[in-house]
Amino acid sequence: MAAAGSAGESSVGSSSRRAPGNNTPSYDRIVTVFAPNGRLYQVDYAWNAVRLEGVTSVGVRGADSACVVGQRRARATKDKLLDTASVSRLFPITERVGLLATGIAGDGRALAQEARNQTAEFRFKWGYEMPPDVLAQWIADRAQICTQYVSKRPSGVVAMVLGIDDEKETPQLFTCDPAGYFLGHKAASVGHKDREAVNFLEKKMKNNPSLSFPETIQHVGLDAMAISALQFALKEDLKATEIEVGVVRKDDPTFRPLTVAEIDEHLKAINQSKQN
C-alpha cells in the first residue's frame, strides 16, 4: 500500500493533497478521501488487518445445512500459557443465526454485540426472528457507513453469517466485508490463507455442488472439505482445541457450536480415512 500511495502522490504532483503538518497524503490517512486511482486506502488497510490477524475461516452451505469452521487464534502465537477455550470468534446471534468473525478480535466482539441488539429490536418490532440475509445486509450497511465519515474507521473484520431462512426453508451463508459489501456463497474462505482454501473448495464443490447434512458435516464442516481446506491452506494438521465449528440444519434450525469432543471425533475420522 505504501508503494501505491507514493505512486498516487506523484500523479497528483501537488502538496495540496497532503494533510497539514504531515508528509502522508490525506487520501492515505482519511477514509472519506479517494486516492487518485479511485480507491479508499483505509478500506484496503482494513482488509489487510483481516489477513494480518493470521487466522483463516471456511464456510460451506449444503442442500439442507450450513457450517462454518474457524481458527481460534493464529498458529504463530507464542503464548503457551493461553487458555484457548477462552478465545472465540464464533457467536450465536439469535437462536437460528450464527456469526463467525475473522479479523481483529475486538471488532468481531463489538459487531456481534451490536448484531444481537439489532436482531432483538427486529423481533420486538416485527414479531419474528431477523432472517440471515437481512442481518447480513444490516452488517454491510453498518460497515459502509464507516467509509463515509471522518469520525469513524472501517471495521477490521469480515463476518460470515449462517442460518436457516424460515420463509424459503433453505440454509444461507453470507460474507460481509469492511467495504460494506455482502454476498451469498455456496462455500467461502476468509483470512490469512483464504486464497489457498478457496482453490481447494472450488475443486471439491465442482464435483459435489449440493451436499446433504451428513456430507456437510463429514466432508465440509469438519471432515474432508473444511478441515482439509484449512489444513491444506495452513500446511499443517489441526487440533480440536485450535478450531471452532458452528452448524445449522434445516430439520433442526437451531444454531449450534460443536463441542471439543465432537470436533475431536471428526478429526480422528479424518486421520483414519487418510490411513485407509
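Assorted remarks:
- Taking a Cβ cut-off of under 14 Å around THR170, the surrounding Lys, Arg, Asp and Glu residues balance to a net charge of -1, with basic ones at +1 and acidic ones at -1.
- Exposure proxy order (Cβ contacts within 10 Å, fewest to most) of TYR45, TYR149: TYR149, TYR45
- Packing rank of 261-271, 128-138, where each peptide gets the mean count of other beta carbons within 10 Å, highest leading: 128-138, 261-271
- Partner lysines whose Cα lies under 23 Å from the Cα of LYS268, excluding those fewer than 8 positions away in the same chain, are identified as LYS204, LYS235, LYS239.
- Computed E for ARG256/LYS152 - FRET, C-beta separation, R0 41 angstrom, nearest 0.05: 0.75
- Cα gyration tensor category, rounded, prolate or oblate, for segment 116-207 with a/c compared to 1.5: oblate
- For ASP64, the residues whose modelled amide H falls within less than 5 Å of its own, excluding neighbours fewer than 5 places apart on the same chain, are PHE213.
- Of all aspartates and glutamates in the structure, those lying under 17 Å Cα to Cα from LYS250, and not within fewer than 8 positions of it along the same chain, are ASP64, GLU95, GLU129, ASP133, ASP165, ASP166, GLU167, GLU169, GLU215.
Just so you know, all these numbers are worked out from the coordinates, no wet-lab data involved. What you are looking at is a predicted structure, and each value in this text was computed from that prediction instead of being measured. With ideal geometry, Cβ positions are generated from the backbone for all residues, glycine too; neighbour counts draw on all protein chains shown.
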